[in-house]
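Comments concern the structure below.
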Amino acid sequence: MSKMKCFAIVMSIAVVSLGSTAGQAQQPPPQSPNMSFFVTSAGPGKGADLGGLEGADRHCQTLAQGAGAGGKTWRAYLSTNAAAQGGAVNARDRIGNGPWQNAKGTVIATSVADLHSDNNKIIRANAYNEKGELVKMRGDTPNMHDMLTGSDLDGKAFAGNLNLTCNNWSSSTFGSAMLGHVDREGIADTVYQKSWVSSHMSRSCSQPDLVATGGNGLFYCFAQ
């Protein structure tokens, strides 16, 4: 075989190999256009300071866009108290009517009433983020099962004198947050420890304190 032919073969192999590597590097993230519910894969990184409801909604929309579901209007499942501009907002009133399904196609609730009943399917097996990955939960390292909600068991805001929303999701230094357990598991056999929406308060609103009690500044996103 001539040197010219050998050189041509080597170059062809190199080009094919390079093209294959480039193709792997450019693979898009999993797409879930029918998804209408997910747990955020990450928070904005400033603890419970989400930039208010507007910032939290924007975070949901951005994550959904990356998963191919950006054509819907996304809302964070968060309540605010009476100190918020415009008054209190109930998380349950801002997420549409349902039904909602996760990235794997499992319907987690058919309506707002179903979502806030014992019949909802927000459990360990269905706690997927927008990437189609299960959230790290109780028994995993690290445990991230705490979800920011600022809501009572019915998905409603607390009284205005209770700062359980970290200054209505605008502070990482003042107040605390009501948290839900996405896996519906806890250290005691109580309705609160098994609640996806209202399990316990956080130590504070900072990222380190959210992590310390089993969270990571994550929250639920629903398509209206």
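The values are calculated or read from the model by the stated rules, or taken from the named source; none is laboratory data. All of these numbers come straight from a predicted model, not from anything done at the bench. Every residue, glycine as well, gets a Cβ built from its backbone with ideal geometry; the counts of neighbours run over all protein chains shown. Please note that ligands, DNA and RNA were not included when accessible areas were found on the heavy atoms of the full protein model with its side chains. Shrake-Rupley method; radii C 1.70, N 1.55, O 1.52, S 1.80 Å.
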**Asked** With the Cα gyration tensor of the chain giving a ≥ b ≥ c as the square roots of its eigenvalues, does the rule (a/c under 1.5 for rounded; else a/b larger than b/c for prolate; else oblate) give rounded, prolate or oblate?
**Response** prolate
**Message:** As I understand it, the value is the acute angle between the Cα axis of helix 3-25 and the longest principal axis of the Cα atoms of the chain; what does it come to in degrees, rounded to 10?
**Reply:** 10
**Protein-only accessible surface order, largest first, of LEU148, LEU63 at 1.4 Å** = LEU63, LEU148
**Prompt:** Could you give the distance between the Cα centres of the stretch 52-100 and the stretch 142-216, to the whole Å?
**Reply:** 17
**Request:** Give the shape of the stretch 40-156 as rounded, prolate or oblate, defined through the alpha-carbon gyration tensor: a ≥ b ≥ c are the square roots of its eigenvalues, a/c under 1.5 means rounded, and otherwise the shape is prolate if a/b is larger than b/c and oblate if not.
**Result:** rounded
**Message:** What do you get for the angle between helix 52-66 and the principal long axis of the chain? Use alpha-carbon atoms, 0 to 90 degrees, nearest ten.
**Reply:** 30
**Asked** How much accessible area does ASP114 have with a 1.4 Å probe, in Å² rounded to the nearest 10?
**Response** 20
**Three-way shape call for the stretch 150-224 based on the alpha-carbon gyration tensor, with the a/c threshold at 1.5** = rounded
**Request:** Looking at the chain, send over the antiparallel percent of its DSSP beta bridges, to the nearest 5.
**Result:** 80
**Item:** In the stretch 173-224, the chymotrypsin sites (Phe, Trp or Tyr not before Pro) that fall in loop regions by DSSP, at most 15 other Cβ within 10 Å
**Value:** PHE174, TYR192
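Could you give the length gained on full extension between LYS194 and ASP154, defined as 0.36 nm per residue of separation minus the Cα-Cα distance, in nm?
In short, 13.0 nm is gained.
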**Prompt:** Percent of accessible area on the stretch 73-224 owned by carbon and sulfur, 1.4 Å probe?
**Reply:** 50
**Request:** Mind checking the per residue accessible area of the chain for me, 1.4 Å probe, whole number of Å²?
**Result:** 49
